[in-house]
Amino acid sequence: MKFLTTGEKIFTVCNYILLALLAAVTLYPFLYVVSAAFSSSDAVLSGDVVLLPKELTLQAFRQVLHEDGIWRAYGNTVFYTAAATCLQMVVTIMGAYPLSKKRFMGRTPVSFFIAFTMLFHAGMIPFYLTVKQLGLLNSRLALLIPFAASTFLVILLRTSFQSVPEEMEEAAKVDGASDLQILTRIYLPVSKPALATLSLFYGVGTWNSYFWAMVLIQDESKIPLQVLLRRLIVAMNPTEEMMASSDVTVLFSKETVIYATIVVAIIPVIIVYPFIQKYFTAGAMVGSVKG
């Protein structure tokens, strides 16, 4: 049994205190939003809500969940997240696999031009004009095709593929396996932690994104939930549909509606994360070590 020195004990105590404070600072905004969403408007407006809900009520959630615009935006977000994540993973895998092969002719210049895009970007206006010239403006594909892959994640997955022993590929080739079979039967199963981590990055990124959806999509029937949520937060004013039922609206403030919408928006991420946490933990350091 190893005994800690006085200096190590002091460091350990300070480390735990610092981590506890960091956790408290990180968790408090989330706890406040949840508490405010379940509190009455009077308690929120008077500042009585600090950590736990005051005058517990579900009125704001009832109004949010009965709003057609919310459900339409929610469905759009689910579609964008699922479709974008699938497309992004396919493109990322198809890009990372050949770049991980030394036999790929032009591997170095191609890798250079891919990495070059991480340092230099054309800018917002050229990007917008490109989407417009492609005829994708105000269509669902505008949030899928232009964001089909992340350069950084392609490089990470390439590094992960490079860590797979070449002997496994050579043995598969001796058995007559094609590159597609080697990819699907060897590289992908071995790289499950990395793939789960990348899927989480892509999925959460798409779920939380709102800027380009706000710029590229003008049709109200196609906007995602985050765009609608931004309108509520920035304008601090519920939609006209929410205000239509005046008998209900007087029972809660616009702030409680915003908090309830935020809680509803993050529920899917909270539900999905525990199921892929083990893969995320194993793949968090993907690409950090090569050998």
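Any residue in the range 141-163 that is hydroxyl-bearing (S, T, Y), in a loop (DSSP other than H, G, I, E, B), surrounded by 16 or more Cβ atoms within 10 Å (Cβ to Cβ) and touching a residue at least 60 places away in the same chain (Cβ under 8 Å)?
Yes, some residue in the range 141-163 is hydroxyl-bearing (S, T, Y), in a loop (DSSP other than H, G, I, E, B), surrounded by 16 or more Cβ atoms within 10 Å (Cβ to Cβ) and touching a residue at least 60 places away in the same chain (Cβ under 8 Å).
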- prompt: Scanning the range 200-212 for residues that are modelled with pLDDT of 90 or more and either over 14 Å from the mean Cα position of the chain (by Cα) or of a type in the set (F, W, Y) (or both), which turns out farthest from P146 (Cα to Cα)?
  reply: W207
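To keep it simple, each residue is scored yes or no on (1) part of a helix (DSSP H, G or I); (2) at pLDDT below 75; (3) of a type outside the set (S, T, N, Q).
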residue: M214; (1), (2), (3): yes, no, yes
residue: R231; (1), (2), (3): yes, no, yes
residue: M243; (1), (2), (3): yes, yes, yes
residue: L251; (1), (2), (3): no, yes, yes
- request: Those residues that are exposed (fewer than 12 other Cβ atoms within 10 Å of the Cβ) and over 18 Å from V264 (Cα atoms), I need them from the range 22-49; list them, please.
  value: L22, A23, A24, V25, T26, S46, G47
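Report the residue count in the range 107-118 for those that are over 17 Å from Q162 (Cβ atoms) and over 29 Å from the mean Cα position of the chain (by Cα).
Qualifying residue count for the region: 1.
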Qualifying residue in the range 36-56 (condition: under 30 Å from K254 (Cβ atoms), at pLDDT 85 or above and either in contact with a His (Cβ under 8 Å, 6 or more places away or on another chain) or part of a helix (DSSP H, G or I) (or both)): yes
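For the range 77-129, name all the residues that are of a type in the set (F, W, Y), outside any loop (DSSP other than H, G, I, E, B) and exposed (fewer than 13 other Cβ atoms within 10 Å of the Cβ).
Answer for the range 77-129, where residues must be of a type in the set (F, W, Y), outside any loop (DSSP other than H, G, I, E, B) and exposed (fewer than 13 other Cβ atoms within 10 Å of the Cβ): F112, F113, F116.
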task: Starting from residues that are more than 19 Å from V154 (Cβ to Cβ) and hydroxyl-bearing (S, T, Y), keep the ones in the range 176-220 and report whichever is surrounded by the fewest Cβ atoms within 10 Å (Cβ to Cβ).
output: S178
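The values are calculated or read from the model by the stated rules, or taken from the named source; none is laboratory data. Everything numeric in this text was worked out from a predicted model, so none of it was measured. Ideal geometry is used to build each Cβ from the backbone, glycine not excepted, and the neighbour counts take in all protein chains shown.
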